[in-house]
Amino acid sequence: MITLPLKQMTQAEKLMALEAIWEDLSRNEGAFESPAWHLKELAATEERVKAGKEQFVDWEQAKKELRDQFE
């Protein structure tokens with residue numbers, strides 16, 4: 001088991017760790033099966049998009065905004 005010193009890490013360091021883990025996991029995305037609830041949630045999101053009730057932010061912009069907020 002790997003233990004991170006979360007209480008000693010800054011918010012920015014925690015976000016960077018999350019990003020590194022996600023990047024590593026996404027390299028082999030075919031190895032994971034989405035849970036059934038995920039399909040339902042995607043359908044609900046699609047309906048909100050069609051109704052004009054959902055807004056999206058570019059992933060790079062979202063990461064920048066989070067980093068700016070927590071640094």
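The values are calculated or read from the model by the stated rules, or taken from the named source; none is laboratory data. Being a predicted model, the structure only gives us computed values, none of them experimental. Every residue, glycine as well, gets a Cβ built from its backbone with ideal geometry; the counts of neighbours run over all protein chains shown.
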Q. Somewhere in region 17-28, is a residue at pLDDT below 95, more than 13 Å from the chain's Cα centre (by Cα) and surrounded by 10 or more Cβ atoms within 10 Å (Cβ to Cβ)?
A. no
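Each row is one residue, and each column tells you yes or no for (1) in a helix (DSSP H, G or I); (2) among the acidic types (Asp, Glu); (3) loosely packed, with under 10 Cβ neighbours inside 10 Å.
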site: Ile2; (1), (2), (3): no, no, yes
site: Leu15; (1), (2), (3): yes, no, no
site: Glu33; (1), (2), (3): no, yes, yes
site: Glu46; (1), (2), (3): yes, yes, no
site: Ala62; (1), (2), (3): yes, no, no
site: Leu66; (1), (2), (3): yes, no, no
Q: Could you grab the pairs with beta carbons closer than 7 Å, sequence gap of 6+ or different chains, first residue in region 48-66 and free of Cβ contacts under 8 Å to residues at least 24 places away in the same chain, second one among the hydroxyl-bearing types (Ser, Thr, Tyr)?
A: Glu54/Thr45
